[in-house]
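What follows is one structure encoded as structure tokens, with my remarks underneath.
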Amino acid sequence: MKYGLAVVRYILTGIVGLLLVLLIVALEGCMVGPKYVKPSAPSSANFKEEVPASFEGTNQQWRPANPEDQAIRGKWWEIFGDPQLNDLEEQIAKSNQDLKVAEARFRQARAAIRFNRASQFPTISTSPSASYAKNSDYTLGLPSKVHEASTGDLVLPFDLSYELDLWGRVRRTVAAAREEAQATAADYETAKLSLEAELAMDYFELRSADAQKKLLDDTVKAYTDNLELTENRFKGGVAPRADVAQARTQLDTTLVQDTDVTVQRAQFEHAIAILIGKPPADFSLAATPLDIAPPSIPIGLPSELLQRRPDIAAAERRVAEANQQIGIARAAYFPTVSLGGTAGFAGTQGSNWFTWPSAFWAVGPALAQTLFDGGRRRATSESARANYDATVATYRQTSLTAFQEVEDNVAALRILENEAKQQQEAVASAKDTLQLFTNRYKGGVDTYLQVITAQTTELANERNAIDIQRRRIDASVLLVKALGGGWTASNLPTFGAAKVRDY
């Protein structure tokens, strides 16, 4: 038995040694198909839109953050300085189901690398078998001693197969799987950033609804006092009944607005619950009116934007993957060379199964070449090239969209900053006007219609001021998202390959 196992090891060692030599030759073989060159993407030296005045004097270059600065980091939401938002954002990665789907897709793509990489090594299998047969004593034409004979068939084979990657098909397949896994990793980061931004916007929308609710509650109280005033004046014969009707109408109209704003708040609260993986019944937020200023955000240079956006990184990695598919399609025009081998023992009974005479082995190459396929390979090559062109266009369009999003939100922040100042002046003027007409009404100079008009104008201006503040915060969130949220292409996993840089 020991002698037989030694023979098996000797045979397998020889075959494996031969395969290693052939493997080295194959790995140094040629790679058919185009070499990948990262396509150019549209860019510009500077952004078109000027940053808001409040950004002036801040460092506009994107760089690693120090503890004392406000540069965007991985936890970009911390620049808003809201502990409640910080706590909610931390729950996204742990509990959001859409993000778990993206993470599972990444693990699936990572497993595909190992699956395709297995083709770079030989496949060894075995199928041992054992059988025992007794011949019939009545078999015609056999000697009597054979009639009585019983035979065994004991086989322990080891089969080996290996495709020599002479044209780079296997290597390109592994590279394509690696690039798809990198793209899927970037997809995960894109989904994560989108969900984080959606949560932040829903949160600030809810806080804006709280601010609107507080304003309307205060207004209802003021209008209730005004109604009481007009009723007292009517009872005293100073004011007509029409003033009471107008005051009551104004109060009722404002009550409707006060009630309506709670619908939006409830919907935003439910949306936040779903984003953090909770049923709405298990989640609630106490009312806190929105009262923060938009933070200063480092914009950086347009050329740096191509490094920060995970969706751009995903698009570029899929261009590289499409380039590999062209090479794979090209390799189909060349012959496939495979090496097969088998070794083992075959005996008639246990005593002679693992002896030298029972050993067998065979090894040899095989070549396969398609001579005619009706144009299938040509069609595959054309399809691969068309897919490459499509991925290049997608990459460039994704880059253009990124620039648009940055420009849109920089412009929005700058314009809304000026609009907010103008609106504050309008609010102050409306308050002065309301106070003036209220005093004149009490003095019997003006009718209550003037007070109603001033009240309506003042409330509309205050509500618009809150809405402008909300839009400024939303634009800040969208700008951070457009800039990649602190992510860079160097964060892509490598899977044994060189890191992807210089987008």
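The values are calculated or read from the model by the stated rules, or taken from the named source; none is laboratory data. Given the structure is predicted, the values throughout are model-derived calculations rather than measurements. Note that we place each Cβ from the backbone using ideal geometry, even for glycine, and neighbour counts take in every protein chain shown. With ligands, DNA and RNA removed, areas are computed over all heavy atoms of the protein, side chains included. Shrake-Rupley method; radii C 1.70, N 1.55, O 1.52, S 1.80 Å.
Taken residue by residue, segment 431-452 has no member that is among the small types (G, A, S), crowded, with 18+ Cβ neighbours inside 10 Å and either on the phi < 0 side of the Ramachandran plot or not in a helix (DSSP H, G or I) (or both). Pairing each residue of segment 182-199 that is more than 15 Å from L492 (Cβ to Cβ) with any residue that is of a type in the set (S, T, N, Q), provided the two are 6+ apart or on different chains, yields C-beta distances under 8 Å for L195/N96. You will find that of I297, I328, I312, the residue that is in contact (Cβ under 8 Å) with a residue 60 or more places away in the chain, in a loop (DSSP other than H, G, I, E, B) and surrounded by 22 or more Cβ atoms within 10 Å (Cβ to Cβ) is I297 and no other. Can you give me the number of residues within segment 365-397 that are of a type in the set (S, T, N, Q), part of a helix (DSSP H, G or I) and open to solvent by 30 Å² or more (accessible area, probe 1.4 Å)? Selection size over segment 365-397: 5. Here V155 clears all of (1) modelled with pLDDT under 90; (2) out of contact with any Pro (no Cβ under 8 Å at 6 or more places or on another chain); (3) open to solvent by less than 60 Å² (accessible area, probe 1.4 Å); (4) farther than 29 Å from Y203 by Cα except the condition numbered (2). Residues that are open to solvent by less than 20 Å² (accessible area, probe 1.4 Å) and in a loop (DSSP other than H, G, I, E, B) within segment 81-107 comprise just one, N96.
With respect to A287, is the statement that it is open to solvent by 40 Å² or more (accessible area, probe 1.4 Å), part of a loop (DSSP other than H, G, I, E, B) and not hydroxyl-bearing (S, T, Y) true? Criteria met by A287.
Working only within segment 212-251, note down all residues that are more than 11 Å from Y448 (Cα to Cα), free of Cβ contacts under 8 Å to residues at least 12 places away in the same chain and not in a helix (DSSP H, G or I). Once the filter is applied, which keeps residues that are more than 11 Å from Y448 (Cα to Cα), free of Cβ contacts under 8 Å to residues at least 12 places away in the same chain and not in a helix (DSSP H, G or I), segment 212-251 yields G236, G237.
Of all the numbered requirements in (1) at pLDDT below 95; (2) open to solvent by 30 Å² or more (accessible area, probe 1.4 Å), L306 misses one, and that requirement is (2).
Could you go through segment 177-188 and let me know if any residue there is part of a helix (DSSP H, G or I), farther than 30 Å from R318 by Cα and open to solvent by 10 Å² or more (accessible area, probe 1.4 Å). No. A single member of N409, N461 is open to solvent by less than 60 Å² (accessible area, probe 1.4 Å) and within 30 Å of K48 (Cα to Cα), and it is N409.
For segment 336-364, filtered to residues that are loosely packed, with under 12 Cβ neighbours inside 10 Å and not polar (S, T, N, Q), the residue that is nearest to G168 (Cα to Cα) is G364.
If only residues of segment 265-284 that are open to solvent by 60 Å² or more (accessible area, probe 1.4 Å) and part of a helix (DSSP H, G or I) are counted, the one that is nearest to S208 (Cα to Cα) is Q267.
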